[in-house]
């Protein structure tokens, strides 16, 4: 009988101790700032702007001065994100390389779009769309991978 009382008291004490440790640990941990949040949002901004730009150009519903402004805006966003991802730690090397690869495909797409407006050569437009498509698909895949890693 004494053994049962001692074991019950010991079990309750251990349970309370474990709960206190878990709660204090939960309150003391800070949420790490995952690289995905701001960088993925910036990448989505570029994705969306590139998608709209290519869609308008392919449909023929564009004004060249508006396209030039959009291209400059996207180039600035790409350059900013490239600089920001380069500042990440070496442990995030895979994410850095993936982001920079995607951004480089977008840069190629913009270069080919500029060439298209200068020469009106449809091959330049096809190259721009191909580069855009590769970047857009890769970006979606990267968001899936990074989003899945947080789960």
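The values are calculated or read from the model by the stated rules, or taken from the named source; none is laboratory data. The structure presented is a predicted model; accordingly, all values stated were derived computationally and were not measured. Please note: Cβ atoms are built from the backbone with ideal geometry, for glycine as well, and neighbour counts cover all protein chains shown.
Here are a few things to note about the model shown:
- The residues of segment 76-103 that are part of a helix (DSSP H, G or I) and out of contact with any helix residue (DSSP H, G or I) (no Cβ under 8 Å at 6 or more places or on another chain), listed by number, are 76, 79, 83, 90, 91, 92, 93, 94, 97.
- Candidate set from segment 46-98 (those that are touching a residue at least 60 places away in the same chain (Cβ under 8 Å) and surrounded by 14 or more Cβ atoms within 10 Å (Cβ to Cβ)); member that is farthest from residue 119 (Cα to Cα): 95
- Each residue in segment 40-86 was checked for being over 30 Å from residue 120 (Cβ atoms) and either more than 13 Å from the chain's Cα centre (by Cα) or outside the structural domain of residue 140 (by TED's automatic domain parsing) (or both), and 3 of them qualify.
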